[in-house]
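Let me begin by presenting the structure, written as structure tokens, before commenting on it.
The values are calculated or read from the model by the stated rules, or taken from the named source; none is laboratory data. Computed from a prediction, not measured in an experiment: that's the story for all the values here. Counting neighbours? That spans all protein chains shown, and the Cβs are built from the backbone with ideal geometry, glycine included. When the accessible area is computed, the model is the full protein with side chains, heavy atoms only, and any ligands, DNA or RNA have been set aside. Shrake-Rupley method; radii C 1.70, N 1.55, O 1.52, S 1.80 Å.
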Amino acid sequence: MAVRIGVIGTGMIGRDHTRRIQQVLAGAEVVALSDYHPAAARAVRADLVPAAQVYDLGEDLIAAADVDAVLVTSTGSTHEAYVLAAIAAGKPCFCEKPLATTADGAKRIVDAEVAQGRRLVQVGFMRRYDAGYVALKQATGRIGAPIMVHAAHRNPTVPAAYGTPMAIHDTLIHEIDVLRWLLDDDYVSARVLFPRKAARAHDGLRDPQVVVLETAKGVLIDVEIFVNCHYGYDIQCEIVGEDGIARLPEPMAIQTRLNAMLQNPILTDWKDRFVDSYDIELNDFIRAAGRGTASGPSSWDGYVAAITSDACVTAQGTEGEAVAITLPDRPALYD
Ligand code: NAD
Ligand code: ISE
């Protein structure tokens, strides 16, 4: 039987995930929609799921008898309450990043899931499903023990509401998760360095910035975050090992030789860069939800990302000083 899914938050990514479930993936159907602005939910219903029920309150959607599993794709600050409600109802829940906007909030989710005694939450860290990152993880096993990582997360531009801490909570959070997964390691400290501000960065934003993370195994990671780079959406990652180097492949693109030029196009939109990963992560969610559980990036991963993000935001204010990152013991549920 198809897994009956309710979607809370029908903005950009909620709409896109609804489209995937309805038009791309098998084994699930969207039966309910909810948004703080009910008109947004009704618009998604009209465009993609005419039979879906629209709920004014996300809590009522979670409680609905015909909703088997929940997608939380609302604004980040609202995730914690909805995920906790889904856990209390015993329903599998896919939550977009961030799991919660504070480490304390993420811990409340971990505690609730542990009390339930089974995995119910998957966090939307879709890079773990990207073919390039999966290949990079395999290659990392062949280059000797990792020593350094050089990474970059570049967006062409960001809206005026995007401030300096968002470079961490909204953007770096993907590297925080995927690098920890790639290296099978945890972070022990964070530093943030600011070069001269780029001319295109608006008033409330220090851009670019370089985050330096150190891991428990002694790997030094530098991540450049440059969200006004103008030329494209560009994700780079290079791992330096004892015996060699492994590099994230560029997305597939047609190379042209034309007019005395050799050219490769560069993507401009994150939705295009990770389109396949979003499909695969949701497919994973649907399969596990059909068994009444969750797999993939866990609440624990979301909690560790939140602790690390908080340390990086603190480090933005300490002018290059290292901020320690201390993790609590991991509950056995996440082994
Ligand atoms: P958006 O602003 O387009 O959509 C958010 C929607 O949530 C809006 O329709 C808003 O009305 C609704 N909303 C706000 N408060 C609500 C509440 N209390 N209850 C129900 N709905 C509420 O934002 P978006 O770009 O779709 O991002 C949504 C989430 O997805 C964010 O947490 C964001 O970080 C995450 N995201 C993840 C990726 C990724 O690559 N994994 C990409 C984009 C966004
Ligand atoms: C956006 O919120 C995302 O999550 C994208 O994956 C990310 O790459 C982009 O920089 C963010 O703004």
Restricted to region 76-89 and to residues being closer than 14 Å to G124 by Cβ and either within 16 Å of ligand 2 (Cβ to nearest atom) or assigned to a loop (DSSP other than H, G, I, E, B) (or both), the residue least open to solvent (accessible area, probe 1.4 Å) is H79
Residue that is farthest from R128 (Cα to Cα), among those in region 257-288 that are open to solvent by less than 80 Å² (accessible area, probe 1.4 Å) and of a type in the set (S, T, N, Q): N283
Taking A65 as the residue in question, decide whether it is more than 16 Å from ligand 2 (Cβ to nearest atom) and either in the same structural domain as Y162 (by TED's automatic domain parsing) or assigned to a loop (DSSP other than H, G, I, E, B) (or both). yes
Qualifying position, being touching a residue at least 24 places away in the same chain (Cβ under 8 Å), part of a helix (DSSP H, G or I), of a type in the set (D, E, K, R) and away from ligand 1 (no atom under 15 Å from the Cβ), among R108, R4: R108
Restricting to region 158-174, count the residues that are surrounded by fewer than 23 Cβ atoms within 10 Å (Cβ to Cβ) and more than 9 Å from ligand 2 (Cβ to nearest atom). 7
Does region 59-66 contain at least one residue that is over 17 Å from P92 (Cβ atoms), of a type in the set (D, E, K, R) and either under 23 Å from the mean Cα position of the chain (by Cα) or at pLDDT below 95 (or both)? no
State whether one or more residues within region 119-138 are in contact (Cβ under 8 Å) with a residue 60 or more places away in the chain, away from ligand 2 (no atom under 12 Å from the Cβ), open to solvent by 60 Å² or more (accessible area, probe 1.4 Å) and charged (D, E, K, R). no
Please specify each residue of region 213-243 satisfying the condition of being more than 30 Å from P328 (Cα to Cα), assigned to a strand (DSSP E or B) and not charged (D, E, K, R). F226, I235, Q236
Can you tell which of P98, P92 is open to solvent by less than 30 Å² (accessible area, probe 1.4 Å) and within 16 Å of ligand 2 (Cβ to nearest atom)? P98
